[in-house]
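The structure appears below as structure tokens.
The values are calculated or read from the model by the stated rules, or taken from the named source; none is laboratory data. If you're wondering where the values come from, they're calculated on a predicted model, not measured in any experiment. Heads up, the Cβs are rebuilt from the backbone with ideal geometry, glycines too, and the neighbour counts pull from every protein chain shown.
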């Protein structure tokens, strides 16, 4: 199958929309291929022509979201004041809040391990790219840049998962600010 074929692209778009809709309604582990096929209005066999399994489809469906999270994290200016979260981070947490049920299910215990891993990978890559471009805070030369990026990416993914699961009180602004304070500490030498 040619992935550039417009029909294949439309089918994949319908499958991704269907899985996002179902994941917002129920735990991803409980989604069946039959329910997915029905929601996307395709044959079950069609799903397997495009994706080897449900987890691959879920990961692909959430790729734009993962990219948005990664870009927002990488755009945060490290010199912003500690008492106010930078705009990209506030926007990120606002976006996650608007889709909190989906994120809670995707990152929760019954969620997609592949999605969670992909989120950390993209965050790590974006931050490592930013560090390679010279936007790494000074004082961390004794820590490999990719390890520093992975540390910060894991922290953001963990805070988002904890917050959407109801582990942190408050709204998007409070969560963004709490994370920002921790993020800045993790970026400051000698912290």
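List of remarks:
- In the set 10, 105, only one residue is without any contact (Cβ under 8 Å) to a residue 12 or more places away in the chain and either more than 17 Å from residue 183 (Cβ to Cβ) or out of contact with any strand residue (DSSP E or B) (no Cβ under 6 Å at 6 or more places or on another chain) (or both); that residue is 10.
- Given (1) touching a residue at least 24 places away in the same chain (Cβ under 8 Å); (2) more than 11 Å from the chain's Cα centre (by Cα); (3) closer than 21 Å to residue 184 by Cβ, index of the condition residue 111 fails: (3)
- Residue list for region 134-175, restricted to those being surrounded by fewer than 16 Cβ atoms within 10 Å (Cβ to Cβ), over 25 Å from residue 103 (Cβ atoms) and modelled with pLDDT under 85: 134, 135, 137, 138, 139, 141
- Number of the exception - residue 67 against (1) part of a helix (DSSP H, G or I); (2) over 13 Å from the mean Cα position of the chain (by Cα); (3) surrounded by fewer than 16 Cβ atoms within 10 Å (Cβ to Cβ): (2)
- Failed item in (1) without any contact (Cβ under 8 Å) to a residue 60 or more places away in the chain; (2) touching a helix residue (DSSP H, G or I) at 6+ places or on another chain (Cβ under 9 Å), with residue 152 passing the rest: (1)
- Of the set (1) without any contact (Cβ under 8 Å) to a residue 40 or more places away in the chain; (2) surrounded by fewer than 16 Cβ atoms within 10 Å (Cβ to Cβ), all apply to residue 129 but (1).
- Tally of residues being in a loop (DSSP other than H, G, I, E, B) and buried (at least 19 other Cβ atoms within 10 Å of the Cβ) across region 51-64: 2
- Inside region 26-50, residues that are under 26 Å from residue 98 (Cβ atoms) and part of a loop (DSSP other than H, G, I, E, B) make up a count of 3.
- Filter result for residue 23 (part of a helix (DSSP H, G or I), out of contact with any strand residue (DSSP E or B) (no Cβ under 9 Å at 6 or more places or on another chain) and modelled with pLDDT under 90): yes
- Candidates are the residues of region 108-125 that are surrounded by 21 or more Cβ atoms within 10 Å (Cβ to Cβ) and closer than 20 Å to residue 176 by Cα; the one that is modelled with the highest pLDDT is 124.
- Subset of region 70-107 (residues that are at pLDDT below 80 and either in a helix (DSSP H, G or I) or surrounded by 18 or more Cβ atoms within 10 Å (Cβ to Cβ) (or both)): 70, 71, 72, 73, 74, 75, 76
- Residue satisfying condition, being outside the structural domain of residue 114 (by TED's automatic domain parsing), assigned to a helix (DSSP H, G or I) and surrounded by fewer than 18 Cβ atoms within 10 Å (Cβ to Cβ), within set 18, 13: 13
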